[in-house]
Amino acid sequence: MRPVVTRMFVSAATIAAIAAGTLAGATVSSAASAPAAEPATSTQNVSVLAVNNLGLSVGRAKNWQCFLTRSGFEPWEHNGHLGTNSWKAAQRLFNAQGFYGGSRLDVDGIVGPLTIKALQRFLNSYGFGLAVDGVVGKRTTAAFWQFNGVPVEDRRCV
C-alpha cells in the first residue's frame with residue numbers, strides 16, 4: 001500500500017509544481033508579451049523649416065521680398081515671412097548674378113551653407129565685407145538687417 005500512497009503523493013506534488021510553474025510562467029510571459037513601446041521619433045521625411053528670416057523683423061523681411069520682386073525674381077509672397085518661395089527667389093537671383101561660387105545653387109528654398117555663402121557674396125557686393133563662410137553669424141545677420149532697412153514703397157509689395 002505504501003507504493004500507492006507514494007505514487008499519489010508524487011502525483012499530487014507534480015501537479016502542484018506544474019500548476020505553480022504554469023502560473024509563474026504565465027505571469028512572466030504576460031509581462032514579456034506586452035507590446036513594445038512606439039519609438040519617439042518617426043521615420044517620415046523631415047520637412048524644411050517653414051520660415052527662416054535670418055534675424056529680420058517682419059517689416060525688413062517684406063523689404064527683402066520686395067527687393068526680390070523689383071529685381072525680377074518674384075517670391076510670390078510679400079508677408080514678411082521668408083519661406084521656401086522667398087528663398088527660391090533669392091537662390092534664382094544669386095544664380096543669375098553669379099553669387100553662387102563654384103557651382104550653381106539648387107533652387108530648392110533650403111537655406112543651407114551654400115545659400116548663405118551666396119547671400120554673403122551678395123551683401124559683399126554692397127560693401128559689407130563679410131567672411132564668406134556659409135555661417136549665419138552676428139555680422140551676416142547685421143548686414144542682412146541693414147541691407148533691408150529702407151522701407152519700400154511698391155504697390156506689388158503691400
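Each value in this text was obtained by applying a stated rule to the coordinates, not by laboratory testing. Remember, it's a predicted structure, so these values are computed and weren't measured experimentally. Ideal geometry is used to build each Cβ from the backbone, glycine not excepted, and the neighbour counts take in all protein chains shown.
Here are the numbers for the structure shown:
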item	result
Extension gain, Ala131 back to Ile110 (0.36 nm per residue minus Cα-Cα distance, nm)	5.5 nm
Three-way shape label, region 48-154, alpha-carbon gyration tensor, a/c 1.5	rounded
Asn53 long-range amide H proximity, modeled H, under 5 Å	Leu82
Inter-label distance for Ala50 and Asn79, nm, one decimal - labels placed 7 Å from Cα along Cα-to-Cβ	0.8
